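The values are calculated or read from the model by the stated rules, or taken from the named source; none is laboratory data. Just so it is clear, the structure is predicted and the values come from calculations on it, not from any experiment. Positions of Cβ are generated from backbone atoms using ideal geometry, with glycine treated the same way; all protein chains shown enter the neighbour counts.
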Amino acid sequence: MNLEQIVLTALIGTSLLFFFSRLFQIVRAIGKGTKEKWTDHLGTRIWNVIVYGIFHRKVYKEKSPGLLHSFIFWAFFFLSFSAVEIVIEGYIEGFRLPLGPLNGPLYLAQDLTALLGIIGVSMALYRRLISKPQRLIREGNKAPTGLLPFIPIVLVSLFFVNAARIMEDGEAAMASWRPVSSIVAAGLSGAGLSGIAPALESSMWWLFVVVLFFLVARFPYTKHSHPIFAFFNILFRSPKPIGAMAPIPPEKMDSPGVHSVYDFSRISLVNAFSCTECGRCAENCPLHADEAKTDPTHLNPMYLMTRLKDAILSKGHPVEASKGLAADGGIPATQDLFVSVLKPEAVWTCMTCLGCVDACPVMNDQVSKVLEMRRRLVAKGEVDAGLQRALQSLDRYGNSFKGTPKARTKWTRKIPTPIKDVRKEQADILWFVGDYASYDARCQELTARTADVFLRLGINYGILHDGEWNAGNDVRRVGEEGLFGKLRDHNIETMKGCQFRDIVTTDPHTYNTLKNEYSKTNGGRVLHYTELLEELLRSGRLKPARKLSYKVTYHDPCYLGRYNGIYEAPRNILRALGVDVVEMARNRDRSFCCGAGGGRIWMEDIQQEKERPADSRVREAAGLQGVDTLVVTCPKDYVMFVDAVKANGLENTLHVKDLIELVEEAL
Amino acid sequence: MKVAVIIRQVPDVVEELVIAEDGRSLSEDDVMYITNELDDHALEQALILKGRHGAHVAAYGIGGSEARDALATSVAKGADEAVYVPLEFKDRGDNHKLAMHLAALLRDGGFDLILSGMQAVDEVDGSLGGILASHLSIPYMGGLLGVDLATSGGKVTVKKAYPGGRVGVMDVTSPAILGIQSSEQPPRYVPVNKVMQAKKTMQVKEMKTPVPNIAGLFITQLQKPETGARAKMLEGDEDGVASIIANLLKERGLL
Amino acid sequence: MSPDSIVVIAEHLKGELSDITLEMLACGRELANASGSELICMVLADDPGPFKALPFASNKTIIVKNPVLGTFNPEAYCKVLSHMLKEMSPRIVLMGSTSVGMDLAGMLSVTLGATVVGNCTRIQIEGRKLLVTSKLYGGKLTARSEVDQGMVLCLLMTGSYSKEGGMKNEISQIDIRDSPLSLDGLRTQFRELVEPEEGDVDLTKVPVLVGAGRGVQGADNVRVLEELAGLLGGAVCATRPVVDQGWLPRTRQVGRSGVIVKPRLYLAFGISGAPEHVEGMKDSEFIVAVNTDSGAPIFEVAHYGSTLDLQDLAPVLAEKIKELKGGK
């Protein structure tokens, strides 16, 4: 081997040493996590890898980043072939990949994608240096801006190598398959620089190798580990509905949830290395990570991932770890989730709105991690005082209002006709009313209206009266799995004895758990009332008697929209009523949570909160031209927004109405 | 250190209180029972002593089947022993009867402290603790906000609430009975799973001795307060009611 | 058994007789007059000085002095009273439904073989029978009981009787004695009385009080009430459960074991009206209560009431007050 080859070998060797030792370190650390099955629904999983991993569908939620990312991705994809070829060239003169007739098309693809890659990087640099969108700047600009320029260096050096070879011998270099390189070559020749070809080739070749292998060595130490791990992450991501929480496995019943970072499953831990630190999760988070607070006392979904990464590698937040905070149970501070990743007070701030999970392009699940931590806090009895009151009330009275079960049907007194008791009589529809709709004074009026509408539409329905308990959705999401089981079992038992076809509810939280977490009772469907109304609209049974000429905006509830994909039914109904629907910027999957979910409606206000989510949302609605009504389809949204409108002095500008009110008006 | 906690079941006032046909007692069918709130505080205080000094905590659950549930919760929270003391409906609400009954049960228990809530919503014949203390010939003190081991010599230091927000610090030589007004920390939360687990695995001793047959206070009548709501109730929404109140205040020169 | 005497156990702190003592004397006087009995007031103290010249409405006042009796020590009081009441054998013994009376009644009932009636609001004599009215279930129900014979210990609730009848124009016969028993070697030792922290508001001197009850549900809601209090030139006070939860300091507690207040205005938010608290504020000139439970006992003492949610009403009320004030 000559000197060049020795240097080359040393270079590649060192680079690969760094690369593989880091990879090994990561995989070994992840390996300390618990086992979790991922072999079910393999077909769907592989399909997901193709759609989301290779074709980056979720990255395209923002058009231009989606484009530039694809450019860079495909550039690297084809670059990898060049890299192999070039490296082996170092040992075997004039080596070409033995692809037969495919060499040509390969080189064409390389050329074109390399150009696109350069364009992509330019777009990226423009965003980082000039347009500076908030989520990128907030999340940290230096590292990516530092690393980005190296990519065009690699691609450009490749062009120059090709150009130099073309200038020397166009045929041998297969110039016809390298249009861009050929243009570069032509440009150089035209400038009278054909003499530098050999020097150019040699220097650019080395530049290419050095920079490329520098990147190879560097990448796994940064967020650029994501190209390796994201594919696995997407493969491992369960295709089961996101609205169904994983139950506590029997072996973990004594200590449910997580305390040490290695209590998470390996699949969950892979998230940390798939994270691209793009900040899309934090962008739509109702906790408004306005300042880049990276410490564990603030819940910011992106920093949750980065701190998780540190914890997995036992690096931890040095400041926190050194504060000598007692790590109980002998867990070192760097691995103790409640010390290094998320403090208990921050664990309780999540609203489970799914804004983060929905936005994440690599299919990370931030929410489930917080919920697992909640399970552990509950097991230890460390719950927020307001939450304790609610849970005790739920355990004893089946509702969070500390109201006697008999008062659940108080709202029915507003209606002249008695409502069927499904426990005693058959009905087509079992209307599972829900806690807030039954006990909150403001919602009781809406519930009465709903009953009125059902009556006028001739729906044969009944309710469970005082046999209904809180469905348990939010109880489960605050980590009280035992209480959730108790509520669910009771409700299922009560429903078992009843005869009905489908279940309808007006509460998206109730809807979510009945649909995704209750075992099928009677094999019927679970519908949100908007789904039912839409059906009746289609079949002609719901015929608006008059057209309402309002200009409204619609707020997509988290548990109806992101959790269960229902966006159009309410809009279709509104349009059928003749109403003009003006969309807020944050609509459908970008809807902004009202702040009540995840049990937060039961808890004390967040200390460090700068702006309540509901306040932000009503201001957004009020800011729409000509819109004076905010339409909701969830009782908690109703309550939160009515309060927010008052708190912001918008009583005369914005009216909060449930969809049922408009339906009733139109009948 | 051995600590006994007396946990009573009392009618839950969240539910409507229905008076029986005889007009002298509550209707047995309609009463819902809940653990006496201050007994919950007593349990919490006992568990705090367990946490600080490794005290052995024995929970005595008194009443019907709800008392057994309360014992499961106590064990789940950390009580070391559970004793079920069945008490029929007709015997409830009578502290003299209960005290005599418990005195026989607790006398030979070797307890350093017996904790109980200083009052219960259904008691009309004085605090349980005082009566029990007299039977056992040991001191009693009620209205306590804190209990701890004294720095010297096998005594217990307590904080007793005095009028005007004052706190009296006293030393008591055990054994003694303490009537808790408020535990040093609010009663802790215990997850439902743990309670269900405790229900399955706990060993409950059941006291089978019959309740003494002594005559209690003779109640001739039980009724809703006759004066009823004296207040003029204001109707309307927040805007309306707030305006009325604000104007009332203005009229009286309070603004 | 002498059917002819009624004994009142006086309560005092730091040399001052507490209001409940006067109320008990008024009640005792009424009963004594109705039944032709002798009313005796018993004061256990270390220094008879502050009490010996008081015009008690009793026929006779016995002051028992001993250094250990200075501040209420249940064991000491019980020992002395047990001995003396056994000798005196009265028909009725009146004690306060307070941290003093409630400690003593149970113990004394056993040593004296007496009946105890707690939470008393009204006592009447009908021949040989004693008819007592008491409050139960946090004030939601009233119980009437009858005692035919034997000694009866009645725990009288503050505010059931007017203080006026507790004193009269002449000084009653005062008898100062030493404790009949030795009070050495007691198992209960009083160490010190800790005053509430300085620097906070004296609730008894504030003209307007905004009361926070359990319905407030959290420290955050206290803020709105503080705003209200500020607008009205007053302060926020609390019920015992609120203080126990730590939402307000103990210095703000109004009620039996807190402060007794008589402001010009008392706004009660989320307060159910349990007797222990009502004791502390029922003499307020003007009471407005807000509680979502229409059956809450607070509405029995309030002048005006509303069942709206305090979280909705309080901020709007603050706005209205600002408006009316701004108009000046």
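The residues on offer are C:LEU108, C:LEU13, and the sole one that is in contact (Cβ under 8 Å) with a residue 12 or more places away in the chain, surrounded by fewer than 20 Cβ atoms within 10 Å (Cβ to Cβ) and either more than 20 Å from B:PRO163 (Cα to Cα) or not assigned by TED's automatic domain parsing to the domain that holds C:MET281 (or both) is C:LEU13.
In region C:126-138, what residues are touching a residue at least 60 places away in the same chain (Cβ under 8 Å) and facing chain B (nearest Cβ under 7 Å)? Matches in region C:126-138: C:GLY138 only. Does at least one position in region C:261-277 carry a residue that is at the interface with another protein chain (Cβ under 7 Å from one of its Cβ atoms) and surrounded by fewer than 24 Cβ atoms within 10 Å (Cβ to Cβ)? Yes, some residue in region C:261-277 is at the interface with another protein chain (Cβ under 7 Å from one of its Cβ atoms) and surrounded by fewer than 24 Cβ atoms within 10 Å (Cβ to Cβ). The helices (runs of 4 or more DSSP H) falling completely within region A:324-408 that include 2 or more residues that are within 9 Å of another protein chain (Cβ to nearest Cβ) map to A:366-379, A:385-397. Considering region B:103-117, the residues that are touching a residue at least 60 places away in the same chain (Cβ under 8 Å) and touching a helix residue (DSSP H, G or I) at 6+ places or on another chain (Cβ under 6 Å) include one that is farthest from the other protein chains (Cβ to nearest Cβ), namely B:LEU115. All of (1) surrounded by 15 or more Cβ atoms within 10 Å (Cβ to Cβ); (2) among the hydrophobic types (A, V, I, L, M, F, W, C); (3) part of a loop (DSSP other than H, G, I, E, B); (4) assigned by TED's automatic domain parsing to the domain that holds A:PHE213 hold for A:ILE92 with one exception: (1).
Across region C:185-205, the qualifying residues are those that are outside any strand (DSSP E or B) and modelled with pLDDT of 90 or more, and the one among them that is surrounded by the fewest Cβ atoms within 10 Å (Cβ to Cβ) is C:ARG187. Please state which of the following conditions C:LEU31 fails to meet, knowing it meets all the rest: (1) part of a helix (DSSP H, G or I); (2) surrounded by fewer than 18 Cβ atoms within 10 Å (Cβ to Cβ). Tallying (1) part of a helix (DSSP H, G or I); (2) surrounded by fewer than 18 Cβ atoms within 10 Å (Cβ to Cβ), C:LEU31 fails exactly one: (2). For the residues C:GLU38, C:GLU75, C:GLU87, the requirement of being within 30 Å of B:LYS97 (Cα to Cα), surrounded by fewer than 23 Cβ atoms within 10 Å (Cβ to Cβ) and either touching a residue at least 40 places away in the same chain (Cβ under 8 Å) or away from chain B (no Cβ under 14 Å) (or both) singles out C:GLU87.
Count of region B:70-94 residues, restricted to those that are part of a helix (DSSP H, G or I) and modelled with pLDDT under 95, is 3. Condition (residue is buried (at least 21 other Cβ atoms within 10 Å of the Cβ), of a type in the set (D, E, K, R), over 21 Å from C:ASN221 (Cα atoms) and facing another protein chain (nearest Cβ under 8 Å)) applied to region C:241-258: is it met by at least one residue? So far as region C:241-258 goes, yes, one or more of its residues are buried (at least 21 other Cβ atoms within 10 Å of the Cβ), of a type in the set (D, E, K, R), over 21 Å from C:ASN221 (Cα atoms) and facing another protein chain (nearest Cβ under 8 Å). Among the residues of this structure, B:ASP80 does not count as one that is closer than 25 Å to C:ARG214 by Cβ, of a type in the set (Asp, Glu) and either in contact (Cβ under 8 Å) with a residue 12 or more places away in the chain or crowded, with 17+ Cβ neighbours inside 10 Å (or both). Looking across region C:206-217, the residues that are within 14 Å of chain B (Cβ to nearest Cβ) and either crowded, with 17+ Cβ neighbours inside 10 Å or among the β-branched types (Val, Ile, Thr) (or both) come down to C:VAL206, C:VAL208, C:LEU209, C:VAL210, C:ARG214, C:GLY215, C:GLN217.
Applying the condition of being assigned to a helix (DSSP H, G or I) and within 14 Å of chain B (Cβ to nearest Cβ) to region C:12-22 and asking which residue is farthest from C:GLY101 (Cα to Cα) yields C:ASP19.
Considering each residue of region A:51-87, count those that are assigned to a helix (DSSP H, G or I) and either exposed (fewer than 13 other Cβ atoms within 10 Å of the Cβ) or not aliphatic (A, V, I, L, M) (or both), and give that number.
Kept after step one, since they are assigned to a helix (DSSP H, G or I), are these residues of region A:51-87: A:51-54, A:57-61, A:63-87.
Checking the rest, the ones that are also either exposed (fewer than 13 other Cβ atoms within 10 Å of the Cβ) or not aliphatic (A, V, I, L, M) (or both) come to A:52-53, A:57-58, A:60-61, A:63-66, A:69-71, A:73-74, A:76-78, A:80-82, A:84-85.
Residues that pass the stated criteria total 23.
Only one entry of A:GLU664, A:GLU651, A:GLU620 meets the criterion of being of a type in the set (Asp, Glu), farther than 21 Å from A:GLU283 by Cα and part of a helix (DSSP H, G or I), and that entry is A:GLU664.
For the residues B:LYS155, B:LYS160, the requirement of being basic (Lys, Arg), out of contact with any Phe, Trp or Tyr (no Cβ under 8 Å at 6 or more places or on another chain), crowded, with 19+ Cβ neighbours inside 10 Å and within 9 Å of another protein chain (Cβ to nearest Cβ) singles out B:LYS160.
Restricting the search to helices (runs of 4 or more DSSP H) fully inside region A:450-559 and requiring at least 1 residues that are within 14 Å of chain B (Cβ to nearest Cβ) and crowded, with 24+ Cβ neighbours inside 10 Å gives A:473-477, A:481-496.
Applying the set (1) assigned to a loop (DSSP other than H, G, I, E, B); (2) modelled with pLDDT under 95; (3) closer than 25 Å to A:LEU514 by Cα to A:VAL639 leaves exactly one unmet item: (1).
Screening B:LEU149 against (1) within 10 Å of chain C (Cβ to nearest Cβ); (2) modelled with pLDDT under 95 leaves a single unmet condition, (1). Scan region C:299-328 for residues that are more than 8 Å from chain B (Cβ to nearest Cβ) and over 23 Å from C:GLY233 (Cα atoms) and the total you get is 1. Of the set (1) more than 24 Å from C:GLN311 (Cα to Cα); (2) free of Cβ contacts under 8 Å to residues at least 60 places away in the same chain, all apply to C:ASP175 but (2). Looking at B:ALA70, is it more than 28 Å from C:THR115 (Cα to Cα), touching a residue at least 24 places away in the same chain (Cβ under 8 Å) and away from every other protein chain (no Cβ under 12 Å)? It is false that B:ALA70 is more than 28 Å from C:THR115 (Cα to Cα), touching a residue at least 24 places away in the same chain (Cβ under 8 Å) and away from every other protein chain (no Cβ under 12 Å). Residues of region C:151-184 that are closer than 20 Å to C:MET84 by Cα, within 14 Å of chain B (Cβ to nearest Cβ) and either assigned to a loop (DSSP other than H, G, I, E, B) or at pLDDT below 85 (or both): C:MET151, C:LEU183, C:ASP184.
In region B:134-152, what residues are over 15 Å from the mean Cα position of the chain (by Cα), assigned to a strand (DSSP E or B) and surrounded by fewer than 23 Cβ atoms within 10 Å (Cβ to Cβ)? Answer for region B:134-152, where residues must be over 15 Å from the mean Cα position of the chain (by Cα), assigned to a strand (DSSP E or B) and surrounded by fewer than 23 Cβ atoms within 10 Å (Cβ to Cβ): B:GLY146, B:ASP148, B:LEU149.
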